[in-house]
Every structure is written in C-alpha cells, then in structure tokens.
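Data block below; observations after.
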Amino acid sequence: MADRPLTPLLDRVTLPSDLKALSDAELRQLADELRAETISAVSVTGGHLGAGLGVVELTVALHAVFSAPRDKIIWDVGHQCYPHKILTGRRDRIRSLRMEGGLSGFTKRSESPYDPFGAAHSSTSISAALGFTMAADLGGDPGDAVAVIGDGSMSAGMAFEAMNNAGHLKKRMFVILNDNEMSIAPPVGALSAYLSRIYAGQPFQELKSAARGVVSLLPEPFQEGARRAKEMLKGMAVGGTLFEELGFSYVGPIDGHDLEQLLPVLRTAHARATGPMLIHVLTKKGKGYAPAENSPDRGHARAKFDVVTGEQKKAPSNAPSYTRVFADALIREAESDSRVVAVTAAMPDGTGLDLFGARYPKRMFDVGIAEQHAVTFSAGLAAGGMKPFCAIYSTFLQRGYDQVVHDVAIQRLPVRFAIDRAGLVGADGATHAGSFDVAFLANLPGMVVMAAADEAELVHMVATAAAHDEGPIAFRYPRGEGVGVEMPARGVPLEIGKGRMIREGGRVALLSFGTRLSEVLKAAEALTARGLPPTVADARFAKPLDRDLILQLARNHEALITIEEGAIGGFGSHVAQLLADEGIFDRGLKYRSMVLPDTFIDHASPEAMYRSAGMDAPQIEAKVLEVLGVAVVGQRA
C-alpha cells in the first residue's frame with residue numbers, strides 16, 4: 001500500500017502555540033515551508049522580501065520558545081515581519097499584503113494581538129520593549145519583551161539610549177541583534193566594523209554552557225568575524241563587549257539559520273535570564289532564494305515577481321522617476337560646482353544618491369540610520385563653506401526635526417533639503433506618508449519651501465537650491481514616475497517666492513502646490529466643458545508666498561481654491577493667513593483649501609489613497625461646483 005502524502009506542517013499551524021507540540025526536526029521542516037510560503041506570497045503582492053527570508057529560522061525559534069501574545073515580540077523594522085504574520089493566524093490573508101483593505105507590510109497593533117507595537121521606522125524596538133518590561137513590573141500586561149533589531153537599526157542613537165536605560169534598570173528583557181551585515185544599504189560606520197570583529201570564543205555569564213564553542217560550529221562565512229576578531233582579545237579580557245558595558249549579558253554571535261544553535265540558546269536564555277540580555281545572531285538577507293541573495297540589495301523591496309526566475313513584473317513607463325530626475329539634476333549641478341555634496345541616512349538607492357556617489361564618491365555621505373546626525377552633519381558642511389543636499393524621505397525627516405530647527409534654521413545655514421516620497425506613497429501606508437513636511441517646515445523663519453509640480457519643475461528647483469546661499473531651502477517631490485513633460489537640458493534657478501500662471505479662466509481660481517497640478521488640469525478641462533473655465537496657477541512656493549499672484553487671484557475671482565498634498569497647517573493655511581491679513585475675506589471671497597484629511601490613510605495604491613482623501617480630478621471638480629453653488633444635473637459616473 002502506497003504511503004499517503006504527508007500534510008505540510010504549515011497547514012497544521014494556525015497560531016504560534018501550535019509550535020510547542022513540534023519536535024526540533026519538525027521545526028526545521030516548518031522553517032523550510034515558511035520560507036517557501038513567504039516567497040510565494042510576496043511574488044503575488046510585492047513587498048519587502050529579503051529581510052523576512054533572513055529571519056525565517058529566527059521567527060520559528062522565537063515562537064517555539066516564547067509564548068506570544070503574552071510575550072511581546074517586537075520586530076525592528078517591520079520589514080522582517082512577513083513570516084511572523086504567517087505564523088500568527090494571518091496566513092489566509094498573506095496574499096493581501098500592502099493591498100487596499102489587506103494586511104499591512106509592517107507590524108500593526110490594530111491588525112493582530114501578536115503585533116504588540118507598530119514598528120515601521122527603525123531603531124524603536126528596544127525602547128518599546130523596555131516600556132513593556134517596566135509596565136509588567138508595575139502590574140501591567142505580564143510577559144517577557146523581545147526586541148528583534150537589525151545591525152543597521154543599531155546605528156541610530158535611539159537604540160543606544162534605550163540600551164543604556166535598560167542596563168540601568170536591570171530588568172529582564174531580551175534584545176536579538178539580527179546582524180545580516182546589511183540594512184537597506186550596506187550598514188556604515190564603526191559599529192558595523194565592530195560587530196564584524198566580535199570574538200565569541202569565550203563564555204558569557206548565564207549562557208556559558210550554551211555559548212561555549214559555538215564559533216567552531218559556525219559555517220563559513222560566519223567564522224570569518226570570529227577569526228578577524230582575535231586582535232580584540234586583549235581588550236575583551238579587560239573590559240568585555242560594548243554591550244556588556246551598557247549592562248547587558250551578551251552571547252554570540254550564533255548562526256541565525258541553524259535551529260540546532262538557535263533553539264538551545266533561546267531556551268537557555270528564557271530559562272536563566274534575570275536582567276537585560278543581548279543575543280547576537282548572524283543571518284543572511286534573502287536567505288534561501290537565489291534571486292534575492294544575488295541581488296545588490298538582497299531582495300529588500302520587490303514588485304510582483306516570477307518565483308522561478310525572480311524577474312520583477314513592473315509596468316512600463318515612458319516617464320522617468322522623480323528620484324532619478326533629482327539624482328541626474330544634482331549630478332549636473334555638481335559638475336560645475338565642486339562645493340555641491342550629498343548626504344543621506346541609509347537610503348542611497350531610495351534617494352538616487354547611489355548614482356551621485358558613483359560619480360562623486362568623495363562628495364557623497366551615507367551616515368547610516370541616523371537622520372538627526374544627517375541634518376546636523378549637513379549644517380556643519382554648510383557652515384564650512386560647502387553646499388550640502390540632505391536627501392531624506394519626508395517621513396524620515398520628521399525624526400530630525402529638532403536639528404532642522406536648532407542646527408539649521410536658527411543659524412540660517414544654507415542646507416538644501418531634498419524631500420523624497422512627499423504626499424501619499426501607496427503600499428507602505430500611513431507610516432511612510434509624506435503628509436507633514438510642508439506644515440513643519442513652512443512655519444520656520446527664513447526657510448524656503450518649494451514643491452515640484454512635475455519632473456521639469458524638479459530640475460529647476462534643484463538648480464534653485466544650489467544657487468540659494470541665504471539660508472535653508474527645501475523642495476519636495478513624490479514617489480513614482482513623472483507626468484511625461486518635456487525636460488530641460490539644465491535647470492534654471494527660479495525667482496524665490498514666485499509662482500506661475502498656467503491658464504486664465506473665469507469665476508474660480510485653482511492654486512495648486514505640488515504634483516496635484518496634473519489632477520487640477522484634468523478638473524479644469526471638465527469644468528471648461530461645463531462652461532466654467534477656471535484660472536489655474538502653480539504656486540511653486542509655500543514659503544515665501546507669492547503675495548502678488550495670490551492677491552491677484554483673490555481679487556479677480558469669485559472663489560479661490562488651493563490644492564496640496566499635505567496636512568492642514570501647510571500651504572493653504574499660510575494662504576488663508578495672508579488673505580485674512582489683507583482683509584480679502586471682508587470683500588466676500590469664497591476660499592477653500594483642499595488638504596489631506598485629518599486621519600491616517602491606510603495603504604492602497606496612490607490613486608486609491610488620493611481618491612479616499614478627496615483629492616483627485618473628479619473631486620476637485622465637485623469642490624468647484626459646490627463652492628460656486630452650481631447644481632449638478634445627471635451626475636456623471
């Protein structure tokens with residue numbers, strides 16, 4: 001009688017508690033099935049692939065040893081969490097990742113009790129884990145807290161602030177340092193060099209028996225770090241590791257893909273730890289999937305792809321991406337001015353500065369996941385006579401806001417802020433939306449704030465920033481492709497604080513700030529077909545405002561509507577303040593400001609998100625009709 005096919009172990013796992021009944025051999029089989037399921041799911045949805053593949057065995061081991069959700073497992077950053085989601089009751093929805101109405105690409109408290117903390121920005125997990133630890137100590141939710149943090153995330157000062165505090169408090173908690181020698185970009189700085197040299201041959205405190213001899217069990221290339229680290233033996237003998245000096249018991253490094261090492265170490269730690277403990281785990285990003293392992297970014301972010309070949313299924317486009325336009329324009333500025341330098345915080349590929357660095361390697365600085373440092377470092381470069389372009393996503397620039405205020409704006413230093421991912425970004429959702437930069441920058445004295453309406457305007461704004469030496473200046477642009485306009489051979493500096501008229505119309509004026517201009521023009525065509533041709537203008541600047549243009553529009557039209565890809569408090573609020581100061585409202589002007597709604601918009605396509613926000617062409621048209629009091633007969637579909 002033929003053997004019946006075995007049921008895949010993954011089909012028997014609906015919650016992490018099911019792992020407790022599995023043998024170690026079965027856990028190894030489960031890890032293989034979990035890796036295959038992760039690859040299959042991301043091939044359908046797109047998303048962050050490499051990080052999750054690198055922690056498959058670690059995910060299995062953590063859920064086999066700890067007892068979530070009582071124990072709080074915090075993934076830093078949430079890129080790593082796809083295997084975790086599959087094991088925590090969400091396998092049936094895993095192919096809805098990052099899609100409208102589907103699972104978030106990051107951990108999300110409202111999505112599952114197994115996601116104790118939302119971690120879509122890096123370097124927050126240790127602080128959160130310490131908070132959970134102290135809450136339990138004070139009678140709050142019980143259970144252990146485990147922070148899983150990458151070596152790239154450890155370069156941020158916040159992680160060390162948390163470790164210093166945890167070492168002082170001396171409470172039981174766990175930090176898993178997932179050292180894959182690569183964050184989104186290869187991690188930089190002395191810390192990464194230090195981690196790669198740590199010697200693991202001597203025993204450490206509670207884990208003496210579990211840790212002894214693990215170096216000899218490590219496969220290549222994991223033994224490399226231990227061999228190179230012999231030079232540090234003298235320092236280790238007298239002082240211990242950096243982590244021990246911060247008050248943590250340390251063990252490692254151990255092979256994060258070998259459950260025969262992971263499981264005993266985690267079980268020993270779980271049984272014996274009395275204070276804060278750091279377990280140093282070596283992993284390989286993209287592990288087990290050759291197209292990811294062999295990719296320069298180890299499969300960090302992927303569009304939908306073919307599982308067999310790894311080929312990504314990207315829609316063709318005739319227009320360049322805004323990021324590429326920025327990079328090319330900055331290179332052209334650098335060709336004629338040796339003072340132009342570029343700074344990024346661990347996102348050279350995402351900001352396009354990898355292209356700049358390839359051309360001018362000595363003039364490009366990747367400071368690691370350290371936005372605060374990036375801003376103040378740029379301020380120092382500016383004070384030293386250079387022309388720094390600090391290229392940071394809008395959502396990440398929030399992390400350096402105090403430095404923008406104190407180190408740049410107050411000192412009126414000419415730092416050029418290139419703000420990528422402005423507006424709603426799609427599948428990454430609310431955590432990565434560039435909603436607030438206009439509001440938090442335009443209120444700073446002396447700050448110039450621009451927004452490109454299209455890719456050609458972006459080229460001119462790069463040139464404007466390069467020529468501006470009177471103080472800080474910022475320009476914002478979205479993710480994705482441009483609108484396909486004719487590109488200038490070279491940027492021409494714009495007159496600071498001056499917008500442009502696009503078309504003359506009648507009763508209503510539409511004043512756009514940023515790339516909603518293309519939707520505004522579509523709405524204008526529809527309104528013209530109704531016999532209501534609007535005036536359309538591109539503000540270009542939120543600060544300083546083009547007073548002449550705005551007052552002209554206000555005085556010559558029955559209604560004025562501003563449109564921007566940002567939250568309340570930004571461009572439209574500044575326009576309203578100007579109109580109020582000039583007494584324009586007393587003359588009966590109908591003024592409206594179309595901004596992002598006062599809510600965090602969940603992930604979907606950018607088009608769907610802007611539709612949800614009420615900021616696409618049909619809704620701009622509807623706003624005009626509402627303001628003018630025009631009844632719509634036979635509403636169009």
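Brief remarks on what is shown
- Of the DSSP H helices in the chain, those whose Cα atoms cover at least 24 Å axially and whose Kyte score averages -0.5 or more: 24-45
- Under 16 Å from the Cα of K522 - lysines, other chains or at least 8 residues apart: K623
- The string of couplings for region 413-420 from the Karplus curve (6.51, -1.76, 1.60, θ = phi - 60°) is 7, x, 7, 9, 9, 9, 9, 7 Hz, one whole number per residue in order, with x for Gly and Pro.
- Dipole of the chain [Lys/Arg +1, Asp/Glu -1 at C-beta], most positive-end residue of A41, Y114, G588: Y114
- Simple label model, 7 Å out from Cα along Cβ direction - E26 to S338, nm: 6.9
- Loop-located GluC sites (Glu not before Pro) in region 533-637 (DSSP state other than H, G, I, E, B) with a sparse environment of at most 14 neighbouring Cβ atoms within 10 Å: E558.
- Candidate lysines for bridging to K85, where Cα separation is under 24 Å - those fewer than 8 sequence places away on the same chain excluded: K20, K72, K108, K284, K285, K287, K304
- Inverse mean reciprocal Cα-Cα distance (Kirkwood Rh) of region 24-111, Å: 13.0
- Global geometry of region 322-476, whether rounded, prolate or oblate, following the gyration tensor of its Cα atoms and the 1.5 cut on a/c: rounded
- Taken about its Cα centre, region 561-637 carries a charge dipole of roughly 300 debye when the Cβ of each Lys and Arg holds +1 and the Cβ of each Asp and Glu holds -1.
- J(HN,Hα) series, region 97-113, from Karplus relation 6.51 cos²θ - 1.76 cosθ + 1.60, nearest Hz, glycine and proline x: 3, 6, 9, 4, x, x, 5, 6, x, 10, 5, 8, 4, 6, 8, 6, x
- Charge tally in the Cβ shell below 12 Å around A409, where Lys, Arg are +1 and Asp, Glu are -1, A409 excluded: 0
- Sorting the segments 165-177, 127-139 by their residues' average number of neighbouring beta-carbon atoms within 10 angstrom, most packed first, yields 165-177, 127-139.
- Helix-only mean residue ellipticity at 222 nm for the chain, each DSSP H run of n ≥ 4 adding -39500 (n - 2.57), per residue, nearest 500: -10500 deg cm²/dmol
- Protection-proxy order for peptides 67-80, 456-469, each taking the mean of Cβ atoms within 10 Å per residue, highest first: 67-80, 456-469
- Projecting the Cα positions of S435, C390, V60 onto the charge dipole of the chain (unit charges on Cβ atoms of Lys, Arg, Asp and Glu, taken about the Cα centre) puts V60 furthest along the positive direction.
- Averaging the Cα positions of each part gives two centres, and for region 321-365 and region 525-546 these lie 33 Å apart.
- Förster-model FRET efficiency, 45 Å R0, T528 and T274, C-beta, rounded to 0.05: 0.05
- Cβ-defined net charge surrounding F356, 12 Å radius [Lys, Arg +1; Asp, Glu -1]: -1
- Peptide packing: for 143-150, 523-530, the average count of neighbouring Cβ atoms within 10 Å per residue gives the ranking 143-150, 523-530, highest mean first.
- Dipole magnitude for region 278-410: computed about the Cα centre from +1 point charges on Lys and Arg Cβ and -1 point charges on Asp and Glu Cβ, it is near 340 debye.
- Neighbourhood net charge (11 Å Cβ-Cβ; Lys/Arg +1, Asp/Glu -1) for S612: -3
- Pair A358, R412: separation of 7 Å Cα→Cβ label points (nm): 4.1
- Amide H contacts under 5 Å for A474, placed H, 5+ residues apart: F417, V448, V449, M450
All of the numbers you see were taken from the coordinates with simple rules; none came from a lab. The model shown is predicted, which means the values in this text are computed figures rather than measured ones. Every residue, glycine as well, gets a Cβ built from its backbone with ideal geometry; the counts of neighbours run over all protein chains shown.
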